[in-house]
Every structure is written in structure tokens, then in C-alpha cells.
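Asker: Before I ask anything, let me first share the structure, which is written out below as C-alpha cells.
The values are calculated or read from the model by the stated rules, or taken from the named source; none is laboratory data. Values in this document were obtained by computation on a predicted structure and should not be read as measured data. Note that we place each Cβ from the backbone using ideal geometry, even for glycine, and neighbour counts take in every protein chain shown.
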Amino acid sequence: MKIAVLGGTGHIGIGLSLRLAIAGYDVIVGSRKVEKAQQKAEEYKACLEGRDAKGKITGESNEKAAKLADVSILTIPFKYAYETAESLKDCLVGKIVVSPVVPMEKRGKFLLYSPPPEGSAAEKIASILSESKVVSAFQTIPAEKFANLDASFDWDVPVCGDDEDSKKIVLEIVNKIDGLRGLDAGPLIVSRLVESVTPLLINVAIRNKEKDLSLKFV
């Protein structure tokens, strides 16, 4: 299976690209500029030397990555996510699109959840990509620790989606990443609850001098 990590040159895209390749998926790193994507793909391959990665990593433009992949993960900052989804919708018809997008705004020293009128970023993206199968996941993953291949963790990943077959595929992808457990959290509307947890985790981490907080259901 080929997975496109759109906007995969930064933030959570780094860890996803590396760990999906280790799990055996062929990863296409996407960027607005193909040169940047290819440069990052080479850097990621260097990081994987000696780690028995079963999948390949290549770099392409976001458009070409979306066309080539079976599943695309939209690892774009929320302020650019919607326009990026709009620009790629013809490339993503009939395909699974994963949204880890979380809309947040700063209020004083705190981050607050700032959803669009549709209710969540995932639902907004689904309204734009009406001919794609949108599933939400990975919103609560700390990007820095996730990108550190020497780090170990035990995190749960709620997965939301209206198309059950697509959700099962995303759950399988999550569960192939060492240290993650994918859990079916219900239909896409539940993304409202999951996305809102992310600013809470960040606020708690800052106020209590913690780092890399995530979710674990016990």
C-alpha cells in the first residue's frame, strides 16, 4: 500500500513518514515544491539506515503524491489545510483521506479549540472532499517525540469515520505502527471531541512542565 503524507516535510509528517516506512508502507512525502519533498525524502531515508525499514520513501509534489497513493494523510497546519484540500480534491476522488488537523487559537497563555462552523476540521475537510472518504486520526500524537525513532511510547489513537471499510483500513495502519493502538471512536462527528483534546493536552503540559502528553485509555 502507498501512503501519501501531504505536507510531510514538517510537524507530525516527519514521524509518520519514518514510522510508516518502518511498518512496511511505501511512503510518498508530499510538498508544494517537489524539490523540497525529494530533499526531505532523502533525509528520512538517511534516518532509517540500519533500522530495517520495509517500506520505501520517495518525494513528490502534493498533487502527484495524492494521485499515486492509496491513502493520503493531510499533515498540513490547520490555517492552510482547507485550501490545500480544495486544491487537491480532484486528485483524491474515491480515496481515503486521513485528517489529523486540529484548529486552535491562542487566548492569552492558553490554546483553545477553534472549530469551523461544520463542527470539526475533519467535517470541514469532508465537506470539501465530498467524493473522498475522510477519516480522522493522529490528532493527539506529540510530533517531536513521534519523530524520535529512539523514543518508546504507548499511546492510543482514536479513529473516526463514517465509511466503515475506510475506517478499518486506517485502524490497521495505526496498529502497524509500533507503540500505537488504534481505537474505533465512532462516526466522523466524534472528531469534534477528539480534536478538542489536543489543546487540552498542550495546556496541561505547559502548566505542569510536562512534555509529550498523549492519550491512553485504561
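Asker: Which residue pairs have Cβ atoms closer than 6 Å, lie 6 or more positions apart in sequence or on different chains, and pair a first residue in segment 105-116 that is modelled with pLDDT of 95 or more with a second residue that is loosely packed, with under 14 Cβ neighbours inside 10 Å and part of a strand (DSSP E or B)?
Answerer: Every condition considered, the pairs that remain are 112/105; 114/105.
Per-residue answers, yes or no, for (1) surrounded by fewer than 23 Cβ atoms within 10 Å (Cβ to Cβ); (2) closer than 25 Å to residue 18 by Cα:
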position	(1), (2)
95	yes, yes
116	yes, no
120	no, no
139	no, yes
145	yes, yes
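Asker: Here is a further query. Of everything in segment 49-81, what is assigned to a loop (DSSP other than H, G, I, E, B), crowded, with 18+ Cβ neighbours inside 10 Å and either touching a residue at least 60 places away in the same chain (Cβ under 8 Å) or touching a His at 6+ places or on another chain (Cβ under 7 Å) (or both)? Give them in sequence order.
Answerer: Across segment 49-81, the qualifying residues are 69, 75, 76.
Asker: Further question: For segment 88-108, enumerate the residues that are farther than 28 Å from residue 207 by Cα and touching a helix residue (DSSP H, G or I) at 6+ places or on another chain (Cβ under 8 Å).
Answerer: 88, 89, 91, 92, 95, 96, 97, 98
Asker: Name every residue in segment 190-204 that is surrounded by 15 or more Cβ atoms within 10 Å (Cβ to Cβ) and either more than 16 Å from the chain's Cα centre (by Cα) or of a type outside the set (Asp, Glu) (or both), in order of residue number.
Answerer: Answer for segment 190-204, where residues must be surrounded by 15 or more Cβ atoms within 10 Å (Cβ to Cβ) and either more than 16 Å from the chain's Cα centre (by Cα) or of a type outside the set (Asp, Glu) (or both): 190, 191, 192, 194, 196, 197, 198, 199, 200, 201, 202, 203.
Asker: Another question, if that's okay. Of the conditions (1) in a helix (DSSP H, G or I); (2) modelled with pLDDT under 95; (3) not polar (S, T, N, Q), residue 211 clears all except one; give me its number.
Answerer: In the conditions (1) in a helix (DSSP H, G or I); (2) modelled with pLDDT under 95; (3) not polar (S, T, N, Q), residue 211 misses (1) alone.
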